[in-house]
Each structure stands twice: as structure tokens, then as C-alpha cells.
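Worksheet for the structure shown next.
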Number of protein chains: 2
Amino acid sequence: MCVEKEIFEPVRGKDKCPINSVLEVIGGKWNYKVILRLNDGSKRFGELLECLNGISAKTLTYCLKKLEKKGIVKKTIYPVVPAHVEYELTKKGYELQILFEEMQNWGDKWEN
Amino acid sequence: MCVEKEIFEPVRGKDKCPINSVLEVIGGKWNYKVILRLNDGSKRFGELLECLNGISAKTLTYCLKKLEKKGIVKKTIYPVVPAHVEYELTKKGYELQILFEEMQNWGDKWEN
């Protein structure tokens, strides 16, 4: 476990702890919701905006950029007019699903 | 999954989504570290302070209060002089371990 392996040393101001890395990806109000929405296939910006109650276009843009930078989401721009852009999960993004299921199990058991 | 069951409606300003509930417990820089430290048995305040590099007494106090309120940590005050206080994980707290292991696996695979 993270603690036993003592890989807690802060590196360049960032914990090297894998758990902290995961929290940086899925933490916050919207990141994990965007990831969950893309779990059933690629979506256009407008589709994401529609199915994420209460998110602003600015926040969604920020989330997608961050997730893209972290290698969780892949953006594809199709060479057509008008422009057609789609977002999908990478393999790295899809592998978060088992985590979400464990979180869901724990949350359902203890918090609802 | 959270998305399919559409239990995303905000309730009293809080998402009812179990994943959000988990992030409220383990999110932030110190919560999950305090939980991990208690994984191998109860500890006194001073012991926790010592083994959590860089945490202040004030922050540790705040974290323990929050985790206690969330039912993750149990505080025991022993009726001796001087006062003897110990903190330990509840069953609810211990059951977060499988989640941390999945996070560790994902983090080790994709972030290190």
C-alpha cells in the first residue's frame, strides 16, 4: 500500500502517491461526471453539455482540456465543414470504471 | 452505474451520487492519508502528527473531526490522568481499503 511503500515524498511540490494522482484526475465536482458520461461512447461537446445538469460551457471546456492533458480523454476533429469534434475515453480513462464501481458500492452501502 | 440510475439530482445542494459522497470523504490532501495511517491500528494524536509529513496540528484536528463526523474514524477517550485519546477506523472506514488498492493499482499502472 502507498503508506507501507513510503512513496509519500512530495516531488516537485506534488505527492508521488498514486492515490493522490487518481484524486487529481477524478476529484472536483465535474471531472468524474464527464468521465462517466463518456463511458458509453464518444460524445460531441453539445451532447455532453446537455446531459450534465448545471455545467457551464466554460467549465466543460476546462474539464475536457484537463482530462485530455491527463490522457483520460481523446479529442477527435473531423475534417468536415462545419467542424465536427468528438470526445472519447482513452484506455487509461476506461480503466477508471472499476474504481467508480467500487466507489459506487461503498457509497451505496454506507452513504445512502 | 451512477449515470444510468440517474441519481444525479442535487439534494439540498449536495449531489446524491454515491461517488460524490466518497470523494467528500477521501478528497483533499490529507483525509485519505489519515485513513491510510489508521489502517494498521489505532493511533494517538501525536503518533499521527509524527507519521504524516508536513501536516499541522490544526489541520490534523480538523481532518479527524470531519472523519469522525462522517463515521470513518472513532475517537476513544480513556478515563486516566493525563488524558489518553486514541483514534481508530470504523468498519465503514476499513472498507475504503479496497478502493485505495484499486486507486493504487490504477495510479501505479498509469501515472508512475
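Annotations for the structure displayed:
- In chain B, helices alone account for a calculated mean residue ellipticity at 222 nm of -14000 deg cm²/dmol, with every DSSP H run of four or more residues adding -39,500 (n - 2.57).
- With a 10 Å cut-off around each Cβ of B:73-79, the average count of Cβ atoms from other chains is 0.
- Judged by the mean number of other Cβ atoms found within 10 Å, the most tightly packed of the peptides B:76-86, A:45-55, A:31-41 leads the ranking A:31-41, A:45-55, B:76-86.
- Within the shell of other residues whose beta carbon sits under 11 angstrom from the beta carbon of residue A:91, the net charge comes to +1, with Lys and Arg scored +1 and Asp and Glu -1.
- Net dipole in debye of the protein assembly as shown [+1 Lys, Arg Cβ; -1 Asp, Glu Cβ; about Cα centre; nearest 20]: 800 debye
- Shape of the protein assembly as shown, Cα gyration tensor, a/c cut at 1.5: prolate
- Using alpha-carbon coordinates, inclination of helix B:97-111 to the longest axis of chain B, degrees: 70 degrees
- Shielding of A:30-36 by partner chains, average beta-carbon count, 10 Å: 3
- Each Lys and Arg adds +1 at its Cβ and each Asp and Glu adds -1 at its Cβ; summed about the Cα centre, chain A shows a dipole of about 580 debye.
- For residue A:73, the residues whose modelled amide H falls within less than 5 Å of its own, excluding neighbours fewer than 5 places apart on the same chain, are A:68, A:90.
- Considering only A:94, A:64, A:106, the residue lying farthest towards the positive end of the dipole of the range A:54-112 is A:64, judged by Cα position with unit charges set on Cβ.
None of the figures in this text is laboratory data; all of them are computed from the coordinates on show. Since the model is a prediction, treat every value here as computed from it, not as a measurement. Neighbour counts are summed over all protein chains in view; Cβ atoms, including those assigned to glycine, are modelled from backbone coordinates with ideal geometry.
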